[in-house]
1. Only one of (1) of a type outside the set (Ser, Thr, Tyr); (2) within 16 Å of the ligand (Cβ to nearest atom); (3) modelled with pLDDT of 95 or more is not met by Asp128, so which one is it?
2. Select, from Leu434, Leu463, the only residue that is surrounded by fewer than 22 Cβ atoms within 10 Å (Cβ to Cβ), under 18 Å from the mean Cα position of the chain (by Cα) and modelled with pLDDT of 95 or more.
3. Which fully enclosed helices (runs of 4 or more DSSP H) of the stretch 180-298 have 3 or more residues being touching a Ser or Thr at 6+ places or on another chain (Cβ under 9 Å) and under 22 Å from Val325 (Cα atoms)?
4. For the stretch 168-200, name all the residues that are within 13 Å of the ligand (Cβ to nearest atom) and either touching a His at 6+ places or on another chain (Cβ under 6 Å) or among the small types (Gly, Ala, Ser) (or both).
5. Determine the pairs where a residue that is under 22 Å from Val67 (Cα atoms) and of a type outside the set (Gly, Ala, Ser), located within the stretch 101-117, has a partner that is at pLDDT below 90 and more than 16 Å from the ligand (Cβ to nearest atom) with Cβ atoms under 8 Å apart, the partner being 6 or more residues away or on another chain.
6. Given the residues Ile341, Ile361, Ile391, which is the only one that is assigned to a helix (DSSP H, G or I) and either away from the ligand (no atom under 16 Å from the Cβ) or at pLDDT below 95 (or both)?
7. Test each condition in (1) closer than 18 Å to Ser48 by Cα; (2) within 16 Å of the ligand (Cβ to nearest atom); (3) assigned to a helix (DSSP H, G or I) for Leu419 and report the one that comes out false.
8. Does Tyr301 fit the bill of being buried (at least 17 other Cβ atoms within 10 Å of the Cβ) and assigned to a helix (DSSP H, G or I)?
Amino acid sequence: MPEHTPSHTPCFEHPQYADRSPALADAYRLLDSALITYQGKAVGTMASPDPRAPAENYQDCFVRDFVSAGLVMLLEGRSDIVRSFLSLIMHLRDQQEEIEGQQVAPGVLPASFRVVQNASGEETLIADFGDRAIGRVAPVDSMMWWAILLRAYVHSTGDTGFAKTPEVQRMLRMILNLCLQSRFEVFPTLLVPDGSFMIDRRMGVNGHPIEIQALFDMTLRCAELLEADEGNRWLVDLAVRRRHVLKEYIQNYYWLDMDELNRVNRFSTEMFGQDVDNLFNIYPESIPGWVPDWLPDGAGYFVGNLGPGRIDFRFFSQGNLLALVAGLASPSQSQGMMNLIEQRWDDLIGRMPMKLVYPAIESHEWRLITGSDPKNTPWSYHNGGNWPVLIWSLTAAAVSCGREDLAKRAYEVAENRLLRDGWPEYYDGRHGRLMGRKANLHQVWSATGLIFAQHLLDDPSKLERLGFTGTALS
Ligand code: GLC
């Protein structure tokens, strides 16, 4: 069983749920063993301390992976670590202004960093801005997660002083500027390249993926942390207006239920002009065969991607769940999404919550879309694998719309199996019955996701305490 032994002081003196179950006790131990320190202070967590992990950078602290750990820290009295993490990431940004003669876009934050010690014990920080990453993917979501965690920090601690420091203000302005820049676009959504978020490999997720749109909305919300002065007013106003149109757009055009599908199925095409039904010139022939059979009555979801002539009908869990938490879904859409999860339980939850993407792409589609990626074979890894970390977003979504029952059921599926299997990164197969072929063990966000889910099940109002739902910061 547990083989992770921390070499330093544990994260929490009295971890809140360590006595609740052997799985939770072990999850805290894993968190302790993964703490990264810099200049004597804890500043982050490794993605996985497993020495046999398939890629070298699993020992890095990934910004997106740290978020669930950070949220637990905020709830259990270690906001100091979160603050150190947020400061360190800002500092790294200043370190790296250029990638081979090409300016790093202001605001772009690293996917991950590590602390390296030389022979005399001196510590240096090395960051990956996409210039070292497998496939050289751009970590667009890092700046968004950074801003979201900052907001959670300020909400839960009340430390507005930190948000008002010139460095944080500058960083926030950079991020918002970058997100709100006008480009060659007519949509209110944000255009990104393939692999720019949790799915950080080629998976046909370029364009306007739902996960990035949900994170975009949460990032725009962080404009409220900007000082209310003349210089910032335009940026704050723009963020407010953009959130408004983004929400309307997502609710109207990304949502798919049987009524919508019926409309798409009878769409006229090649329509020019202002008041047309088929805005994106979607061809009904593009509806994949699985959709009408799979989509239950009274249920629905946000499609994975939308653009000219394109609907990606796949169900992407993280994007859908975060969109719900962010408040992008209407109340009836939220219920519809929960109904979908309930009625398609075996497909979406199966033996490990939860499927990252449903369904998998196969044969020639897999070859064309993934570039024949052997890690992303059908029903594995990003291509239809089940990812334990999603338990926290599932729980957050479920408790924020009154479906704790689903979150509890899912939690029970995950808890003991994760302990028994040693916290794998992902599972394979249609129903997640196999441990992932290349999954490393001791994956930290699989553990911190479970702890955070336990917090939310125990007291759903913690979501509000962290600023995810409810009122703006006054
Ligand atoms: C993989 C995942 C990515 C995660 C990283 C570290 O690259 O796709 O989302 O951040 O591993 O766990």
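1. Going through the list (1) of a type outside the set (Ser, Thr, Tyr); (2) within 16 Å of the ligand (Cβ to nearest atom); (3) modelled with pLDDT of 95 or more, Asp128 breaks only (3).
2. Numbers: Leu434 fails: under 18 Å from the mean Cα position of the chain (by Cα).
Leu463 is the lone residue from the list that is surrounded by fewer than 22 Cβ atoms within 10 Å (Cβ to Cβ), under 18 Å from the mean Cα position of the chain (by Cα) and modelled with pLDDT of 95 or more.
3. Working: elements: 210-221, 230-249, 258-265, 290-294.
Here the list reads 210-221, 230-249.
4. Step one: filter the stretch 168-200 for residues within 13 Å of the ligand (Cβ to nearest atom), giving 194-200.
Within the stretch 168-200, Gly195, Ser196, Ile199 meet the criteria.
5. Close Cβ pairs (under 8 Å, with a partner that is at pLDDT below 90 and more than 16 Å from the ligand (Cβ to nearest atom)) amount to Val108/Arg93; Leu109/Arg93; Pro110/Arg93; Pro110/Gln96.
6. Values: Ile361 fails: assigned to a helix (DSSP H, G or I); Ile391 fails: either away from the ligand (no atom under 16 Å from the Cβ) or at pLDDT below 95 (or both).
It is Ile341.
7. Going through (1) closer than 18 Å to Ser48 by Cα; (2) within 16 Å of the ligand (Cβ to nearest atom); (3) assigned to a helix (DSSP H, G or I) one by one, Leu419 breaks only (2).
8. Values: buried (at least 17 other Cβ atoms within 10 Å of the Cβ): yes; assigned to a helix (DSSP H, G or I): no.
Spelling it out, it is not the case that Tyr301 is buried (at least 17 other Cβ atoms within 10 Å of the Cβ) and assigned to a helix (DSSP H, G or I).
The values are calculated or read from the model by the stated rules, or taken from the named source; none is laboratory data. What you are looking at is a predicted structure, and each value in this text was computed from that prediction instead of being measured. Note that we place each Cβ from the backbone using ideal geometry, even for glycine, and neighbour counts take in every protein chain shown.
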